[in-house]
Amino acid sequence: MCGHNMFRQRQWSRVPVTTSNAICIFLSYNNIFFLLFLCIVSNTTETAATTIKLPGNVSVPAVIIFGDSIVDTGNNNNNFKTFARCNFLPYGKDLKGGMPTGRFSNGKVPSDFIVEALGIKELLPAYLDPTLQPEDLLTGVVIAAGGAGYDPLTAQLSRVASLSDQLKQFQEYVEKLKGIAGEERTNFIIANSLIFVVAGSNDISNTYFLSGARKSEYDVPSYTDFMLNYASPPPMCV
């Protein structure tokens, strides 16, 4: 189990990844996103992405992304409790087909650019997409939900899946993957996947400033420390 009171420590020695401990270590990839995203933004366009050449001994079979609307590709489409939906025009007008998909963009979002640059697929589907096919799970999904944040209150205010909820969905995803690919291949996929967490802006803009829900408890520096506790991985998961 991972102790939530252990989030203070930023540095964490990596341990071998299996499906049993992947849920504990995915947060360690948080900084990878920014480096890769900057690389992609500076080298891609909407119609063509520069493929990232990986070392010969490196395999990235899938990408799994947690977080908020920056990377959400449609997980809120059927969540009628939230206003954080964008499955209507003009969203998606520049995407292939010109139709809204639940991406908070007129076209692709960083999730798509990442998998395209890695040569995995063109678009990374939402885990809750009702048209998702079993084979889609093999190369990864987006579990992020627009409106979520590191602060659990952020998702509660937006009435969307929190990061804890997204972890439960990840566990479901792993079990589905086992049913499709078997346990050995699932272990390989999870151990070699890139896993990202992209969140934080909703905490600051919505939970702290817009709603003022945390202002009585924290000033800005202490609230960012509070966020950091949730964003940092625990020092040990057993």
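The values are calculated or read from the model by the stated rules, or taken from the named source; none is laboratory data. The structure presented is a predicted model; accordingly, all values stated were derived computationally and were not measured. So basically every Cβ, Gly included, is an ideal-geometry build from the backbone, and we count neighbours across all protein chains shown. Each accessible area value is taken on the protein alone, full model and side chains, heavy atoms only, with ligands, DNA and RNA left out. Shrake-Rupley method; radii C 1.70, N 1.55, O 1.52, S 1.80 Å.
Numbers below:
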{"read-out": "Hey, Leu124 in contact with a strand residue (DSSP E or B) (Cβ under 9 Å, 6 or more places away or on another chain), surrounded by fewer than 17 Cβ atoms within 10 Å (Cβ to Cβ) and over 13 Å from Ser69 (Cα atoms) or not", "value": "no"}
{"read-out": "Residue in the range 167-184 that is in a strand (DSSP E or B) and over 13 Å from Asp68 (Cα atoms) present", "value": "no"}
{"read-out": "Qualifying residue in the range 197-218 (condition: open to solvent by less than 70 Å² (accessible area, probe 1.4 Å), touching a strand residue (DSSP E or B) at 6+ places or on another chain (Cβ under 6 Å) and aromatic (Phe, Trp, Tyr))", "value": "no"}
{"read-out": "Residue count, the range 96-135 (criterion: closer than 23 Å to Asn202 by Cβ and part of a loop (DSSP other than H, G, I, E, B))", "value": "14"}
{"read-out": "Enumeration of residues in the range 180-196 that are open to solvent by 20 Å² or more (accessible area, probe 1.4 Å) and in contact (Cβ under 8 Å) with a residue 24 or more places away in the chain", "value": "Ile180, Ala181, Glu183, Asn187, Phe188, Ala191, Asn192, Leu194"}
{"read-out": "Criterion (open to solvent by 80 Å² or more (accessible area, probe 1.4 Å) and in contact (Cβ under 8 Å) with a residue 24 or more places away in the chain) met by exactly one of Lys53, Lys93, Lys81", "value": "Lys81"}
{"read-out": "Filter result (over 14 Å from Tyr230 (Cβ atoms) and part of a loop (DSSP other than H, G, I, E, B)) within the range 185-207", "value": "Ser193"}
